[in-house]
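Everything below concerns the one structure shown next.
The values are calculated or read from the model by the stated rules, or taken from the named source; none is laboratory data. These figures come from a predicted structure and were not determined experimentally. Cβ placement follows ideal geometry from the backbone for every residue including glycine, while neighbour counts extend to all protein chains displayed. Note: accessible area is taken over every heavy atom of the protein model, side chains too, but ligands, DNA and RNA are not part of it. Shrake-Rupley method; radii C 1.70, N 1.55, O 1.52, S 1.80 Å.
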Amino acid sequence: MRDNASMIWNFTKMHGAGNDFVVLDGVRQSIDLTPARARTLADRHFGIGADQILLVEEPLHPDADFRYRIFNADGGEVEHCGNGARCFVRFVHEQGLSRRNPLRAEIATGLIVLHEADDGQVSVDMGRTAFTPEAVAFDPAGLDTRACGQDTLYRLDTPPETGEAWCSLVAISNPHAVVQVDDVDTHPVGRIGPAIESHRRFAHRVNAGFMQVIDRHHIRLRVYERGAGETLACGTGACAAAVAGIRRGLLDSPVRVDTRGGMLRIEWDGEALRMQGPATTVFHGRIDIDALTATLD
């Protein structure tokens, strides 16, 4: 006999600028989130539907308030999610898990600091950035490169019909490749995004960002996320695009990033990186995770 209580999980559906999440409280309930269970929750036809699953747990790090874990729709655990981080702090406050503001969250690669403002916007100190091939597990051997401002661009071989892809490499706990395009609406993101995301040069795959520069403080962005496909917004992707544009000499901080799901504000001074944007609670529910997972096995 199974303990039925252990199968019923309380959850909250949230989104940050359209990037949507199932958020689980692993502090007050026991959550064993396997890849199969994460895929089930994220399934938009047979589950709840989400780009990522967020799990809030007790911290392992002595200086953190909580541990914050992220699972993509394909079930794989990843290092960071900026839009998810904003939803995380809103969830913790709404659920009464903590009144601390700012909060310190432990992610796979260290600690981040999050602050919820009175106007409902949430800001996240995103940590350090890195730009070397090693930082994104990228093999540059034999590739054409060119200098662009303070940046180095790498030419990836992609499907011929999509044209050249000269990428900036940016690590913000997770890996990003940023391509500048003339128009994000007409660029073939649906074809070139998967080709970059799973390119053999990236040992652990990569988030592929497509950036259209409007002016020195404004870009439009689409992101094909690793393990999730194209999402309506990507917080770390917005940070990566803004930083890449500043390093290329095309942008100045702060940068307004318009995604298909909403607007994010990115500030970068060459070291400190901060993102600000919305976090929205959609609904709460309960789910029998084992029964649902069994229907998809």
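Listing for the model above:
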| item | result |
| --- | --- |
| Accessible area (Å², per residue) of the range 176-297, counting only protein heavy atoms and a probe of 1.4 Å | 41 |
| Only Lys, Arg (+1) and Asp, Glu (-1) charged, at Cβ; the chain dipole about Cα centre in debye | 100 |
| GNM top mover of THR186, THR109, THR231 - the chain, alpha-carbon springs below 10 Å | THR186 |
| Value in Å of the Kirkwood radius, where the range 70-113 supplies the Cα pairs that are averaged | 11.3 |
| Rounded accessible area per residue of the range 7-131, 1.4 Å, Å² | 39 |
| Accessible area in the full protein assembly, largest first, 1.4 Å probe, for SER123, SER173 | SER173, SER123 |
| Cα→Cβ-extended label distance, 7 Å offset, between ARG200 and ASP144, nm | 1.9 |
| Heavy-atom SASA rank of GLU267, GLU58 (probe 1.4 Å, accessible area, largest first) | GLU58, GLU267 |
| Charge tally in the Cβ shell below 10 Å around ALA208, where Lys, Arg are +1 and Asp, Glu are -1, ALA208 excluded | 0 |
| Among VAL255, PRO188, GLY163 the positive-end extreme of the charge dipole of the range 155-256 (Cβ point charges) | VAL255 |
| Table column - 3J(HN,Hα) (Hz), the range 120-128, Karplus curve with 6.51, -1.76, 1.60, x for Gly and Pro | x, 6, 10, 10, 10, 7, 7, x, 7 |
| Protein-only accessible surface order, largest first, of TYR154, TYR68, TYR224 at 1.4 Å | TYR224, TYR154, TYR68 |
| As computed over the range 77-227, the Cα convex hull volume per residue (Å³) | 140 |
| Theoretical gain in end-to-end length, HIS284 to LEU60 [0.36 nm per residue, Cα-Cα removed] | 77.9 nm |
| Carbon + sulfur, % of accessible area of the range 56-155 - ligands and nucleic acids excluded, 1.4 Å | 44 |
| Accessible-area composition of the range 161-297, carbon plus sulfur, in percent [1.4 Å probe] | 46 |
